[in-house]
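Here is the structure we will look at, set down as structure tokens.
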Amino acid sequence: MRLVSWNVNGLRAAIRKGIDGFIEEFQADVTMLQETRTLEEQLPSNWSWPSGWNVTLHPAEKKGYSGVLTATLGPHEVITLGHGGSTDPNDLEGRVLVTEVGGVVCINTYLPSGSNKEERQVFKESWMEEWREFIRPYLDDKRPVVVCGDLNIAHTEDDIWNPKGNAKNSGFLPHERAWFTDLLNEGWVDAFRHATGEGVKTYSWWSNRGQARAKDRGWRIDYFLLNSVAMEAMKSCTIVRKGGLEVSDHAPLVLDLDL
């Protein structure tokens, strides 16, 4: 089974930039998108997902904001929307979509950013704790469980081009990184880091400022996290930097499982 996770930085813009070609090229069984920033009725009338795919879009209440989408080649079951915490109990920002396809549980997540205002950092941290509690029971699930998405945190110095210069910035704050370490210590496996090992600097997001992409001054903030059952089935996990950056400021991630 091949799974793709991709923050598309607006699905309507991604469609104009040719995302269809990449959907076909990936030959995925499951495609999970974040930051779709669209309602169903806002999608181009002359565009549709390829034949045979089943799609669930979980948009934010606010137009042009946030949102996640899960598409599967064949049927899937929607298990839940949102993480049920008090920070955003109805998931009005459209950040969590849990589905099951082919016996695999997929937790598509777009974790909030805290970079705009102090109150958003407070929101982010409350959301992080509640989401961590929400996904914890899935660690002991007998099914393969895949958590994926833009988690808006670079975990280690290997995951950011300038760790010292970003030590006081949201997304690389010491307590955010410690939270991520605790998440992994509970049993989740960072699939890409497991596949590549320590010391490899490969990024998944680049700022639009300062020629960050051209100079490869990026952050790795997009992840596949696996429970032990999924980990046993993992074949590979890669960040696809070639081509996909024409569509978004994030690179897509590809996970292959041998089920």
Worksheet item: From the list 52, 18, which one is surrounded by fewer than 16 Cβ atoms within 10 Å (Cβ to Cβ), touching a residue at least 60 places away in the same chain (Cβ under 8 Å) and either more than 14 Å from residue 251 (Cα to Cα) or not polar (S, T, N, Q) (or both)?
Response: 18
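Of all the strands (runs of 3 or more DSSP E) wholly in the stretch 42-101, which have at least 2 residues that are within 20 Å of residue 137 (Cβ to Cβ) and either touching a helix residue (DSSP H, G or I) at 6+ places or on another chain (Cβ under 7 Å) or at pLDDT 95 or above (or both)?
Details: elements: 53-58, 68-73, 77-81, 96-101.
Ranges flagged: 77-81, 96-101.
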Item to complete: Return the pairs, sorted by first residue and then second, in which the second residue is surrounded by fewer than 16 Cβ atoms within 10 Å (Cβ to Cβ), the first residue lies in the stretch 136-161 and is of a type in the set (Asp, Glu), the beta carbons are less than 6 Å apart, and the residues are 6+ apart or on different chains.
Response: 157/163; 158/201
Worksheet item: Restricting attention to the stretch 214-223, and to residues there that are in contact with an Asp or Glu (Cβ under 8 Å, 6 or more places away or on another chain) and either surrounded by fewer than 18 Cβ atoms within 10 Å (Cβ to Cβ) or aromatic (Phe, Trp, Tyr) (or both), which single residue is farthest from residue 158 (Cα to Cα)?
Response: 223
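Within the stretch 166-208, track down each residue that is in a loop (DSSP other than H, G, I, E, B), among the hydrophobic types (A, V, I, L, M, F, W, C) and surrounded by fewer than 20 Cβ atoms within 10 Å (Cβ to Cβ).
Step one: of the stretch 166-208, the residues in a loop (DSSP other than H, G, I, E, B) are 166-173, 186-188, 197-204, 207-208.
Retained after the next criterion (residues that are among the hydrophobic types (A, V, I, L, M, F, W, C)): 167, 172-173, 188, 200.
Matches in the stretch 166-208: 167, 173, 200.
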Worksheet entry | Test: residue 195 is of a type outside the set (Lys, Arg) and over 26 Å from residue 132 (Cβ atoms) | no
Worksheet item: Which number in (1) touching a strand residue (DSSP E or B) at 6+ places or on another chain (Cβ under 7 Å); (2) crowded, with 20+ Cβ neighbours inside 10 Å; (3) of a type in the set (S, T, N, Q) marks the one condition that residue 152 misses?
Response: (1)
Worksheet entry | Residue list for the stretch 62-80, restricted to those being surrounded by fewer than 14 Cβ atoms within 10 Å (Cβ to Cβ) and in contact with an Asp or Glu (Cβ under 8 Å, 6 or more places away or on another chain) | 62, 74, 77, 79
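The values are calculated or read from the model by the stated rules, or taken from the named source; none is laboratory data. What you see is a predicted model; the values in this text were computed from it and never measured. When we count neighbours, we look across all protein chains shown, and the Cβ atoms used for this are built from the backbone with ideal geometry, even at glycine.
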